Amino acid sequence: MEAPVTGYLEGATIERVAGILLSGGIAVLPTDTIYGLHCLAARDDTVAAIRALKGRTGAGGLIVLASDLAMADFVIGEWPGDSRAFLERVWPAPLTAILPASSTVSKAIAPRGAVALRVPACDNLRAVVHTVGGPIVSTSVNITGKEPMTRIDEIRRAFPGLGAYIARRGRSRVLSSTVVNFIAGSPYLVRAGRYRWSD
């Protein structure tokens, strides 16, 4: 078995991580919030593998990352109200928007026709998504119901055998992204997090 990619998300590592995702692998990566488990959004088999790793048995959706608003357009079925103009001003940011999913988004990711989407405020993570050429799944590194893990060595012990374990430089982050629902046209806060949201 090939050794996993380790180190930091920079330079040649970005290309190597993109290669892992394109080949159907799973990568642990630092995000603009907490560590995440990542895979191609288009690979239903790998999405199912991530759900199994986390012990996710319900029908809840998973967060999807886009590299920019142009990529987001392919994920969104329609932009309610002025949501696109608002998010164009805000993104990249640790703000996850719940929006109507396009028909190209798997039911495993958007089971109720709504997708949780973010353009992350992390240049190198966006570079990975851009290199892959399509959206990727990003979900917290934890067993469902447990607190997200914040140390890469702890993550590697708990989830062995993945394609990459990429460490964060500096202090670990403990806050998830802020989640806001835009579907009804009048956005409302679903989960408080790193992005400061005021109604």
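Bear in mind that the values in this text are calculations on the coordinates, not laboratory data. Keep in mind it's a predicted model, so treat the numbers as computed, not measured. We place every Cβ from the backbone using ideal geometry, glycine too, and count neighbours over all the protein chains shown.
The angle between the Cα long axis of helix 12-22 and the main principal axis of the chain comes to about 70°, on a 0 to 90 degree scale.
I need I152, I26 ordered by Cβ neighbour count within 10 Å, fewest first.
Ranked by crowding around the Cβ, least crowded first: I152, I26.
Count Lys and Arg as plus one, Asp and Glu as minus one, and take only other residues whose Cβ is under 13 Å from that of A52; the net charge is then +1.
Centre-to-centre, using Cα atoms only, segment 40-74 and segment 158-199 are separated by 14 Å. Taking every C-alpha pair closer than 8 Å and separated by at least 6 residues, the mean separation divided by the residue count of the chain gives a relative contact order of 32 percent.
A crude spin-label estimate for the pair D44 and D123, with each label 7 Å from Cα along the Cβ direction, gives 3.9 nm.
Taking the number of other C-beta atoms within 10 Å as the exposure measure, put E15, E88 in order starting with the fewest.
E15, E88
Fully extending the segment from A3 to A184 would add 60.5 nm, taking 0.36 nm per residue of separation and subtracting the current Cα-Cα distance. Antiparallel DSSP bridges in segment 7-165: what percent, to the nearest 5? Percent antiparallel among DSSP bridges in segment 7-165 is about 75.
Once you have the alpha carbon radius of gyration of segment 20-61, what is it after dividing by 2.2 N^0.38 Å, with N set to its residue count?
Values: Rg = 10.6 Å, N = 42, 2.2 N^0.38 = 9.1 Å.
Compactness ratio reported: 1.16.
Per-residue ellipticity at 222 nm computed for the chain from its helices equals -7500 deg cm²/dmol, with DSSP H segments shorter than 4 residues left out and the rest contributing -39,500 (n - 2.57).
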